[in-house]
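Participant: Got a structure for you, questions after.
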Amino acid sequence: MKSKRTKALEISKKVKLKVWERDNRRCIFCGRYVDWNFANSHYIKRSQGGLGIEENIMTNCINCHNDFEETSRRKEMKIFAKNYFMAKYPNWNENNLIYRKWR
Ligand SMILES: [Zn+2]
């Protein structure tokens with residue numbers, strides 16, 4: 001059985017579809033059109049407890065997703081993504097994106 005934490009970090013299809021529409025079906029970084037299942041990138045990483053909620057999920061093409069996960073571009077991409085989320089959600093706050101067991 002999956003732990004509560006694992007479940008909270010997963011992205012449901014419902015969230016993916018919502019994020020994909022929010023992002024106009026494009027990678028938020030390069031603007032490339034992608035399929036809905038590419039709405040699967042955690043802003044706060046799963047390993048850091050990043051939740052599978054729309055405020056923490058973005059649509060990324062494969063190239064940008066890899067860059068975001070693995071390269072020195074991560075820092076600048078994170079700033080871009082942060083501004084993107086803040087424009088979408090007036091009360092967006094990184095502290096609300098992380099799993100806490102007392103929730
Ligand atoms: Zn891209």
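Participant: Can you give me the relative contact order of the chain as a percent, contacts being Cα pairs under 8 Å and 6 or more apart?
Facilitator: Values: 137 pairs, mean separation 30.1, N = 103.
Relative CO of the chain lands at 29 percent.
Participant: Tell me which lysines have Cα within less than 16 Å of Lys14's Cα, excluding those fewer than 8 residues away on the same chain?
Facilitator: Within reach: none.
Participant: Related question: When we measure straight from the Cα of Lys13, which lysines land under 25 angstrom away, once same-chain ones fewer than 8 places off are left out?
Facilitator: Qualifying lysines at Cα under 25 Å: Lys2, Lys4, Lys45, Lys78, Lys82, Lys88, Lys101.
Participant: If I model a spin label at Arg25 and Met1 as a point 7 Å from the Cα along the Cα→Cβ vector, what separation in nanometres do I get?
Facilitator: 4.1 nm
Participant: Under Stokes-Einstein, with the Kirkwood radius over Cα pairs standing in for Rh, what whole-number D in µm²/s applies to the chain at 37 °C and 0.692 mPa s? Don't jump to the answer; show the numbers that get you there.
Facilitator: Values: Rh = 13.7 Å.
Once the numbers are plugged in, D ends up at 239 µm²/s.
Participant: Moving to a separate point now. Helix 74-88 versus the longest principal axis of the chain: what is the Cα-based angle in degrees, 0 to 90, to the nearest 10?
Facilitator: Once rounded, one gets 80 degrees.
Participant: Turning to a different aspect of this structure: In degrees, nearest 10, range 0 to 90: what is the angle between the Cα axis of helix 13-22 and the longest Cα principal axis of the chain?
Facilitator: Approximately 40 degrees, to the nearest ten.
Participant: May I pose another question? Based on alpha-carbon centroids, what's the gap between the stretch 63-83 and the stretch 5-56 in Å, whole number please?
Facilitator: About 14 Å separates the Cα centre of the stretch 63-83 from the one of the stretch 5-56.
Participant: Near Lys18, which aspartates and glutamates are there with a Cα under 16 Å away, not counting those fewer than 8 places off in the same chain?
Facilitator: Hits, sequence-local ones excluded: Glu10, Asp35, Glu54, Glu55.
Participant: Using modelled amide H (1.01 Å from N, peptide plane; none on Pro or chain starts), what sits under 5 Å from the amide H of Ser41, excluding residues fewer than 5 places away?
Facilitator: Answer set, sorted by chain and number: Met58, Asn60.
Participant: Could I ask something else about it? Is the C-alpha gyration tensor of the stretch 43-88 telling us rounded, prolate or oblate? Criteria: a/c under 1.5 is rounded; beyond that, a/b larger than b/c is prolate, otherwise oblate. It would help to have the intermediate numbers written out before the result.
Facilitator: On the way: a/c = 1.57, a/b = 1.19, b/c = 1.32.
Oblate.
Participant: Moving to a separate point now. Using helices alone, I'd like the mean residue ellipticity at 222 nm for the chain: each DSSP H run of four-plus residues gives -39500 (n - 2.57), total over residue count, nearest 500. Could you put the intermediate results ahead of the total?
Facilitator: On the way: 4 runs with 40 residues, N = 103.
It lands at -11500 deg cm²/dmol.
Every number in this text was worked out from the coordinates using simple rules, so none of it is lab data. Only a predicted model underlies this, so the values are computations on that prediction, with no experimental measurement involved. Every residue, glycine as well, gets a Cβ built from its backbone with ideal geometry; the counts of neighbours run over all protein chains shown.
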